[in-house]
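The structure appears below as structure tokens.
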Amino acid sequence: MAIIEASGLAQRFGDRTIFRDVSFRVEEGQVFVLLGGSGCGKSTLMRQLVGLLPPTEGEIAIAGARITGPDAAPALAAARRRFGVMFQSGALFGSLDLAGNVMLPLEMFTDLPRAERAARARAKLAEVGLADAADRLPAEISGGMAKRAAIARALALDPPLLFLDEPSAGLDPITAAELDRLILSLRDRRGTSFVVVTHELASILAIGDACLMLDRNAWPDAGGVIAAGPPRVLKAESRHPVVRAFFDRAPLAAEAA
Amino acid sequence: MPGRRISPRLAAAFATATGGLVFIGALVTALVRLPVNRRQFRLSDVAREAEQAGFRALPLVLLLGALIGLILAFQSAIPMRRFGADIFVANLVSVSLLRELGPLLSAVILAGRTGSAFAAELGTMKVNQELDALAVMGLDPVTLLVLPRMAATLLVTPVLTLMMDAAGLIGMTLVMVGFGYSEPAIQAQVQQAASVSDLIGGLAKAAVFGAVVAAIGCRAGLGTGNGPRAVGLAATAAVVGGIVATILLDGAFAMLFYRLGW
Ligand SMILES: Nc1ncnc2c1ncn2[C@@H]1O[C@H](COP(=O)(O)OP(=O)(O)O)[C@@H](O)[C@H]1O
Ligand SMILES: [Mg+2]
């Protein structure tokens, strides 16, 4: 079954069309990777998928329920109980320490006693390698740590679907590999589905069950999809010059945009 | 409207007005849904904001109150003395403090210290996508961030006003004692001039000013735009908006109290 179905998505800002005709399915238990150069609209697409930005055109369904269009607010609210999001910037709550950040969703949506919440938050932080930074404030940690803390927060309620916007950008290779292992272990142990934006070629090949490659110049007048399929297949078979350039060259340094 | 263009300034004013209405709508919705979203309204946040907005403003409020009492007493003593009426300085200072200056100045201090802080805090949260993070968790920023701040200032502003009133009366008393009046005489004069209803009316106004200044600060923060100057602009808008709204409301209260014969 598809956990996400997107059809005909387009996004315009003013008279600029960032992308159009973007359609794809994410199957349950899949790691779905979004690829594409900086500024091609990956974060914008993710904002559409999590219901922060109503698409100019097209429809999105999560677990079979349409979350776009009129009267979709209750479906969107229900869908939000099922997914966690890590923003490209981390978006940690600056007034709370890392443990507080992870505990907030637990406090809001579970009846766990305080001690239990704290224990869970510590466990989630340990999963991303931040066990000893629980009482630090977001302003006191590095960008890579902030991303990992944001992942821990997204994991707090054990959602069946996770959106991660460039989780490994700015991480050292060892931590990035650990993160890949965490993603695969969640997929295999719990059947968690993922939508991951990443530029790390090694990571894409290691974790990606399917991928969608966007490009700014997919259409004469707009960006869009230039390739879709399992990353290994694209790497072996795609003839699209941009796709070839991506897979044949060493991965570019992760673009921050 | 074919063939007719709306001026950009008019359009901007219209956008501001509708934005304000939308915000009021969101506030009302959040209040109505508060029983359902009870968890998102954290009393610990109310306490923290009350401490920031109230307790930490006390030195400034006391200083300003005492100075205003002193200055008013001195200034009004000059014309009053010509009629040999300087005991009535106590009447003038106490009534104007309790009814007008206490609530008004407290609200102005609140707008400068707290309204701007609210705008900067929420504006920074917006720029850092923290508000988006709340939204995707299914949390309501108005219930979680705005209502506790409004509740805190609603509670704290009357207390600040009371402190301002007290400090002002003390300042006035110092001057009057300097003029040779005894403390009991001054006290009796104040009690005769100002009534409890003057005090209560002032405190009620202060509560309204406090909530409105907080709401304007939070709205400025939530509406923060993009770019490096956006948070600063939001803080400025919060202070200006807070002070203007306070004065407009004060005018409305003046008419209301006049009608009620208060
Ligand atoms: N709210 C917005 N208003 C106008 N333009 C936007 C907005 N959000 C994103 N864009 C533009 O959309 C394009 C894609 O941005 P983004 O999705 O962040 O790219 P990326 O693929 O690097 O994540 C960029 O050119 C960006 O300037
Ligand atoms: Mg991006």
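The values are calculated or read from the model by the stated rules, or taken from the named source; none is laboratory data. Keep in mind that this is a model prediction, so the values were computed, not measured. Heads up, the Cβs are rebuilt from the backbone with ideal geometry, glycines too, and the neighbour counts pull from every protein chain shown.
Just checking, how many residues over segment A:25-57 are away from every other protein chain (no Cβ under 14 Å), at positive phi and buried (at least 19 other Cβ atoms within 10 Å of the Cβ)?
Restricting attention to segment A:25-57, the residues satisfying the condition of being away from every other protein chain (no Cβ under 14 Å) are A:25-42, A:45, A:55-57.
Within this subset, residues satisfying the condition of being at positive phi are A:29, A:36, A:39, A:41.
Still in the running and buried (at least 19 other Cβ atoms within 10 Å of the Cβ): A:36, A:41.
Residues meeting the conditions: 2.
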Out of the residues in segment A:38-73 meeting the condition of being part of a strand (DSSP E or B), of a type in the set (A, V, I, L, M, F, W, C) and touching a residue at least 24 places away in the same chain (Cβ under 8 Å), tell me which one is nearest to ligand 2 (Cβ to nearest atom).
A:Ile60
Do the conditions hold for A:Pro138, that is, is it away from chain B (no Cβ under 14 Å), crowded, with 16+ Cβ neighbours inside 10 Å, more than 16 Å from ligand 2 (Cβ to nearest atom) and within 19 Å of B:Asp132 (Cα to Cα)?
no
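Given segment B:93-202, what helices (runs of 4 or more DSSP H) lie entirely inside it while holding 1 or more residues that are away from chain A (no Cβ under 14 Å) and touching a helix residue (DSSP H, G or I) at 6+ places or on another chain (Cβ under 7 Å)?
Numbers: elements: B:102-110, B:116-127, B:130-136, B:147-178, B:183-193.
Per the criteria, B:102-110, B:116-127, B:147-178, B:183-193.
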Of A:Gly14, A:Gly94, the only residue that is of a type in the set (Gly, Ala, Ser) and under 30 Å from B:Ser44 (Cβ atoms) is A:Gly94
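Just give me the residues in segment A:141-150 being surrounded by fewer than 24 Cβ atoms within 10 Å (Cβ to Cβ) and within 16 Å of ligand 2 (Cβ to nearest atom), in sequence order.
If the condition is that a residue be surrounded by fewer than 24 Cβ atoms within 10 Å (Cβ to Cβ) and within 16 Å of ligand 2 (Cβ to nearest atom), then A:Gly143, A:Ala146 are the ones that fit.
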For segment A:189-211, what are the residues that are part of a strand (DSSP E or B) and within 13 Å of the chain's Cα centre (by Cα)?
A:Ser193, A:Phe194, A:Val195, A:Val196, A:Val197, A:Cys211
Among the residues of segment A:74-103, count how many are within 8 Å of chain B (Cβ to nearest Cβ), within 20 Å of B:Arg38 (Cβ to Cβ) and either outside any loop (DSSP other than H, G, I, E, B) or of a type in the set (Asp, Glu) (or both).
2
Among residues belonging to segment A:162-176 that are surrounded by 22 or more Cβ atoms within 10 Å (Cβ to Cβ) and outside any loop (DSSP other than H, G, I, E, B), point out the one that is nearest to ligand 2 (Cβ to nearest atom).
A:Asp165
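Quickly run through segment A:187-220 and pick out the residues that are within 16 Å of ligand 1 (Cβ to nearest atom) and either of a type outside the set (A, V, I, L, M) or closer than 19 Å to A:Ala177 by Cα (or both).
Passing the criteria: A:Val195, A:Val196, A:Val197, A:Thr198, A:His199, A:Glu200, A:Ile204, A:Cys211, A:Asp215, A:Arg216, A:Asn217, A:Trp219.
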Name the one entry in A:Arg82, A:Arg16 that is under 16 Å from B:Ala133 (Cα atoms), at pLDDT below 95 and out of contact with any Gly (no Cβ under 8 Å at 6 or more places or on another chain).
A:Arg82
Lone unmet requirement of (1) in contact (Cβ under 8 Å) with a residue 24 or more places away in the chain; (2) within 16 Å of ligand 2 (Cβ to nearest atom); (3) assigned to a helix (DSSP H, G or I) for A:Ala121
(2)
Test A:Ala119 against the stated conditions and say whether it is surrounded by fewer than 18 Cβ atoms within 10 Å (Cβ to Cβ) and within 14 Å of chain B (Cβ to nearest Cβ).
no
Which residues, taken from segment A:221-239, are more than 16 Å from ligand 1 (Cβ to nearest atom), more than 20 Å from A:Ser203 (Cα to Cα) and modelled with pLDDT of 90 or more?
none
